[in-house]
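What follows draws every value from the coordinates through simple rules; no lab data is involved. Predicted, not measured: the structure shown is a model, and the values here were computed from it. No Cβ is skipped: glycine too gets one built from the backbone with ideal geometry, and neighbour counts run over all protein chains shown.
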Amino acid sequence: MTPPTHSQRAILSNISWHTFETILAEMGDNRATRLAYDHGILEIITPLMPHEHNNRLIEKLIDSLAEELNLNLKSTGSVTCKRQDLSRGVEPDSSFYRK
């Protein structure tokens, strides 16, 4: 059996910020599923192998570029970024910030 090659996703409408926060808490930190929230729309994404392979490749490219340009970057992985005042939340595959 050939494994799926595309990410699986579900989009839910009319989700409150409280429900988004509750789902994040219930799912915990140790998971492969990513969530994105934008003004009541919740997207639940399960990335699969091709997606993860490309993500790791891009991470290596960023690390190499930062080293070559002598940039002091910190990798923060797939950290949850959320702002209730903007009604937005996202969990990127990888994230970086400049120290």
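When only Cα pairs below 8 angstrom with a gap of at least 6 residues are kept, the chain shows a relative contact order of 29 percent.
Where only DSSP H runs of four or more residues are counted, the chain gives -10500 deg cm²/dmol as its mean residue ellipticity at 222 nm, each run worth -39500 (n - 2.57). Karplus-derived 3J(HN,Hα) values for the range 38-48, using 6.51 cos²θ - 1.76 cosθ + 1.60 with θ = phi - 60°, are 8, 6, x, 9, 10, 10, 10, 10, 10, x, 10 Hz; glycine and proline are entered as x. Summing Cβ point charges (Lys, Arg +1; Asp, Glu -1) relative to the Cα centre of the chain gives a dipole of roughly 100 debye. For the chain, the ratio of Cα radius of gyration to the globular rule of thumb 2.2 N^0.38 Å stands at 1.24.
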